[in-house]
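Down below is the structure, laid out as structure tokens.
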Amino acid sequence: MAEPIRPERSGQLFERALRSIPGGVNSPVRAFRSVGGTPRFIAKGSGAYLWDVDGRRYLDFVGSWGPLILGHARPEILAALERVMADGTSFGAPTEAEVVLAETILAAFPGMDQVRLVNSGTEATMSAIRLARAHTGRSLLVKFAGCYHGHSDSLLVKAGSGAATLGVPDSLGVTAAVSGQTLILPFNDGEALAEAFAARGGEIAAVIVEPFPGNMGLVLPHPGYLEELRRLTAASGAALIFDEVITGFRVAYGGVQTLYGIEPDLTCLGKIIGGGLPVGAYGGKRELMALLAPEGPVYQAGTLSGNPLAVAAGLTTLRLLQELQPYPELAQRTAAFAAELRALFERAGIPATVNQAESLFTVFFNPGPVVDYESASRSDRERYARFFHAMLERGFYFSPGQFETCFLSTAHGSADLEQALSAVRDALPELGG
Ligand code: PLP
């Protein structure tokens, strides 16, 4: 099965791309920099599989980084796109379908009174923060080390030294004035949280959190941690923003807030609600949302917001998820897969931690537990790169980076996962003991 691969056409396209596109890609992780090698250029996807331009097939554990919970090229979504497309692709004026999508989202999130559609997760989080600052009249934003919320300036901030620190820019071009308004805390550290609120609670406009962080690899909140966040933000008058761009409609028909019964003030969504087309959304309590233009003084707009094609793909996805209720089976299948992976690594004497929740999982080459950015950072990235390439060669496309999450879809059958496990077994000698 594991014939050597010569990604010839991918290699040629990558060389060509490097001339016209910075780094050859339109989003950095696609360039395989953290695992090395040549990124595969993709020709098509169907169900749980991807095909590259060299005709190689891969079982896809990335799923376009989360949107494709129903797999690639789901026929009902394609049919909806064709139907809608025939009537035009964009109007820059309101449509009935976007009202239905808004209503559908609201019905799944009990704490949300209104929702605004945008084009990406980045826009959703950036706008939610603007709204929280307007509502509270405060500036300071609290973010957790290792959480990613898109690439707007106040979120491209990393921790300085020490447990709770004012952020420093995580990218050239982000000014110290902006990063200085973001306080970075370690995730899952109740003491650091309590100290930050005791010292600066009155200045905090918002706390933004991925309730199941997926961008340092998958990390899960300690019992009571999210509840404590809710309690402290409510007590200090800060807005609690749940960034459910990954977890929305992924961990439940709703989000982590549905699983935990916690109502944040604002929720950011993306990925699944666009069914593979560009959509983001942010929603929350009416008193906050009423501040948005044209009703209120907080500006936010978008030429393609509520785009008919994107809305059709999103609505069809949500309708199918409601009909199929695939969550228990997806969770069970992913949990069983993660357990098998743990057992394989353990038998081979390879220190590994497999974090899993619902249809999300990450293999950390790290004895664990992995509970925050600091512990995630202790993972063996070189071993991850060997694992990634050993699996890629065998036709299995895992996340091209240690600090990412892998995704299962409803199209991943037990036979596919069995094959993945036997490929891992086969690859173990290449990972180093
Ligand atoms: N928030 C989270 C939790 C994400 O994982 C991402 C992207 O992966 C974003 C926000 C940004 O979304 P987008 O890439 O659509 O701008």
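Is there a quick way to get the dipole size of the range 75-324? I mean about its Cα centre, with the Cβ of Lys and Arg at +1 and of Asp and Glu at -1; what is the value in debye to the nearest 20? Each step should come with its number before you reach the end.
On the way: 15 positive and 24 negative charges, 69 e Å.
It works out to roughly 340 debye.
Would you mind finding the longest exposed-site-free stretch of the chain, with exposed trypsin sites (Lys or Arg not before Pro) meaning DSSP loop and at most 15 other Cβ atoms within 10 Å?
34-377
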- Query: Which order results if 406, 147 are arranged by neighbouring Cβ count within 10 Å, fewest first?
  - Reply: 147, 406
- Task: Return a whole-number percent for the relative contact order of the chain, with Cα pairs under 8 Å and 6 or more residues apart as the contact set.
- Result: 22
- Just going by the charge dipole of the chain, with Lys and Arg at +1 and Asp and Glu at -1 on Cβ, which of 357, 299, 320 is farthest out on the positive end? 299
- Item | Local electrostatic count, residue 316, Cβ distance below 9 Å [Lys/Arg +1, Asp/Glu -1] | +1
- Task: Please get the size of the charge dipole for the chain, origin at its Cα centre, with Cβ charges of +1 on Lys and Arg and -1 on Asp and Glu, quoted in debye to the nearest 20.
- Result: 760
- Query: Under the rule of -39500 (n - 2.57) per DSSP H run of 4 or more residues, summed and divided by the residues of the chain, what mean residue ellipticity at 222 nm is obtained, to the nearest 500 deg cm²/dmol?
  - Reply: -11000 deg cm²/dmol
- Item | Added length on full extension, which subtracts the Cα-Cα distance from 0.36 nm per residue, residue 336 to residue 26 | 108.1 nm
- Computed over the range 227-274: relative contact order in percent, which uses C-alpha pairs under 8 Å that are six or more apart: 42
- Projected onto the charge dipole of the chain (unit charges on the beta-carbon of Lys, Arg, Asp and Glu, signs +1, +1, -1, -1), the Cα from 208, 331, 58 with the largest positive-side position is that of 58
- Query: Among the lysines, which fall within straight-line cross-link reach of residue 158, defined as a Cα-Cα distance under 20 Å, with same-chain neighbours fewer than 8 residues apart omitted?
  - Reply: 143
- Per residue, the convex hull enclosing the Cα atoms of the range 300-433 spans a volume in Å³ of 154
- Message: Given contacts defined as C-alpha pairs under 8 Å and at least six residues apart, what's the relative contact order of the range 75-324, whole-number percent?
- Response: 29
- Note on the structure: With x for Gly and Pro, the residue-by-residue ³J(HN,Hα) of the range 77-94, computed from phi through the Karplus equation 6.51 cos²θ - 1.76 cosθ + 1.60 at θ = phi - 60° and given in whole Hz, is 6, 4, 5, 5, 5, 4, 4, 6, 4, 4, 9, x, 9, 6, 10, x, 8, x
- Sequence-distant aspartates and glutamates (8 or more away, or on other chains) whose Cα lies within less than 12 Å of residue 44: 52, 54, 60
- Task: Report the local net charge at residue 117: Lys and Arg +1, Asp and Glu -1, summed over other residues whose C-beta lies under 14 Å from its C-beta.
- Result: -2
- Item | Compactness relative to 2.2 N^0.38 Å, alpha carbon Rg of the range 75-324 | 1.00
- Task: Quick one: work out the % antiparallel among DSSP beta bridges in the chain, nearest 5.
- Result: 60
- Query: Around residue 189, with a cut-off of 14 angstrom between Cβ atoms, what is the net charge of the other residues, counting Lys and Arg +1 and Asp and Glu -1?
  - Reply: -4
- Message: Amide H of residue 300 versus every other amide H placed in the peptide plane: which residues, excluding those fewer than 5 positions away on the same chain, fall under 5 Å?
- Response: 293
- Mean projected area, convex hull of alpha-carbon positions in the chain, reported to one decimal in nm², is 20.5
- Message: I need the semi-axes of the equivalent ellipsoid of the range 70-154: take the C-alpha gyration tensor, multiply each eigenvalue by 5, square-root it, list largest first in whole angstrom.
- Response: 31, 17, 14
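Each value in this text was obtained by applying a stated rule to the coordinates, not by laboratory testing. Note that the structure is a prediction, hence the values are computed from the model and not measured. A quick note on method: Cβ atoms are made from the backbone with ideal geometry, for glycine too, and the neighbour counts reach across all protein chains shown.
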